[in-house]
1. Assess whether T129 counts as being more than 17 Å from the chain's Cα centre (by Cα) and either at pLDDT 90 or above or surrounded by 14 or more Cβ atoms within 10 Å (Cβ to Cβ) (or both).
2. Of the numbered conditions (1) part of a loop (DSSP other than H, G, I, E, B); (2) touching a Phe, Trp or Tyr at 6+ places or on another chain (Cβ under 9 Å), E222 fails exactly one; give the number of that condition.
3. Return the residues of segment 238-268 that are surrounded by fewer than 19 Cβ atoms within 10 Å (Cβ to Cβ), within 17 Å of R297 (Cα to Cα) and either in contact with a Pro (Cβ under 7 Å, 6 or more places away or on another chain) or not small (G, A, S) (or both); say none if nothing qualifies.
4. Hey, among the residues in segment 297-307 that are free of Cβ contacts under 8 Å to residues at least 40 places away in the same chain and within 22 Å of the chain's Cα centre (by Cα), which one's farthest from M274 (Cα to Cα)?
5. Which ranges mark the helices (runs of 4 or more DSSP H) fully within segment 235-315 that have 1 or more residues being farther than 22 Å from D9 by Cα and of a type in the set (S, T, N, Q)?
6. Can you pull out the residues in segment 273-302 that are surrounded by fewer than 20 Cβ atoms within 10 Å (Cβ to Cβ) and either basic (K, R) or outside the structural domain of Y251 (by TED's automatic domain parsing) (or both)?
7. Taking the conditions exactly as written (touching a strand residue (DSSP E or B) at 6+ places or on another chain (Cβ under 6 Å) and surrounded by 13 or more Cβ atoms within 10 Å (Cβ to Cβ)), does Q147 satisfy them or not?
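The values are calculated or read from the model by the stated rules, or taken from the named source; none is laboratory data. From a predicted model like this one, the values you see are computed outputs, not experimental measurements. Here the Cβ is made from the backbone with ideal geometry for all residues, glycine too, and neighbour counts use every protein chain on show.
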Amino acid sequence: MEDVQKLADRLIANIEKVIIGKTEAVRLTVLGLLCRGHILIEDVPGTGKTMLARSLAQSIGCTFRRIQFTPDMLPSDITGVSIFNQKSREFEFRPGPIMAQIVLTDEINRATPKTQSALLEAMEERQVTVDGVTYPTPELFMVLATQNTIEYEGTFPLPEAQLDRFLLRIHLGYPGTLNEIEMMQRQKLGHPIHELESEIGVEDLLAAQSAIQKITLTDEIERYIVDLVEGTRGHDEVYLGASPRGSLALYRTSQALAAIMGRDYVIPDDVKQMAVPTLAHRLVLASAARIQEIDARDIIQELTRKIPIPGGEGI
């Protein structure tokens, strides 16, 4: 796992030339990429959500497309269209921006539910269907979606089915005082994104993705993952708990975390560390919990304290 660890470290260090003081968010983004997953980035405007996606794509040297979602956008604006070629007398597929390797869907909650649903097939099956013909997405394929957490006018909340397809949800937050000063100093003569070079190749990344799947989990840790997920389903403050897709997400992210830490096996702390970013966005809280402004992240943290870890006891 040393190769995976070195690759992740190089990728994180390269992205941090642009994204300053957000090591944990950058690490989670790289971890999601290694798991072949998609990421939902929630935060206020101006915190670097778009720059994070661009930096990731440039660090790999892969194709990148940005989709600015608006209420008048159509599904075909994302997936592509079939156009009749009068010379060949045949229909030709013109791929949409979703066919890139790294896709940033900016302000995803501004699109209508019909347009949002155009992403579902691509995110889960890694293919799009246009006029009855199916086209596969690239082998390296990742969607990074952003949404503003404070502005709800003119937006359409993501349905649970779509939230469930995001492997992780991350928050960037405001930079610290010293980090913000450093950010201004770095951009004195220009933005560092324009000087960012490719650090790894696509083939190296694909090899790392395959290596992560070989990370060992004991039967006890697999049971611990399922116990955590089942705990969300029976919690008094939760109307709808995490799905089996949540169990698989926690399984994969725990493997990836172990790999970037240089281990070929998962320990309980890996599972506990990945529980909140992997499971919290999959919960639908009960009405009473929403009135009391209970956060789903607090519920997950409560479960990690209460449910006994393999070889230990909960509180």
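1. Working: more than 17 Å from the chain's Cα centre (by Cα): yes; either at pLDDT 90 or above or surrounded by 14 or more Cβ atoms within 10 Å (Cβ to Cβ) (or both): no.
So T129 does not fit the description; no.
2. (1)
3. Y239, L240
4. Taking the candidates together, the pick is D298.
5. On the way: elements: 244-260, 268-279, 287-291, 296-306.
Those helices (runs of 4 or more DSSP H) span 244-260, 287-291, 296-306.
6. R290, R297
7. Values: touching a strand residue (DSSP E or B) at 6+ places or on another chain (Cβ under 6 Å): yes; surrounded by 13 or more Cβ atoms within 10 Å (Cβ to Cβ): yes.
So Q147 fits the description; yes.
Residue-wise test of (1) more than 30 Å from L250 (Cα to Cα); (2) assigned to a strand (DSSP E or B).
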residue	(1), (2)
T155	no, no
R169	no, yes
I181	yes, no
S198	no, no
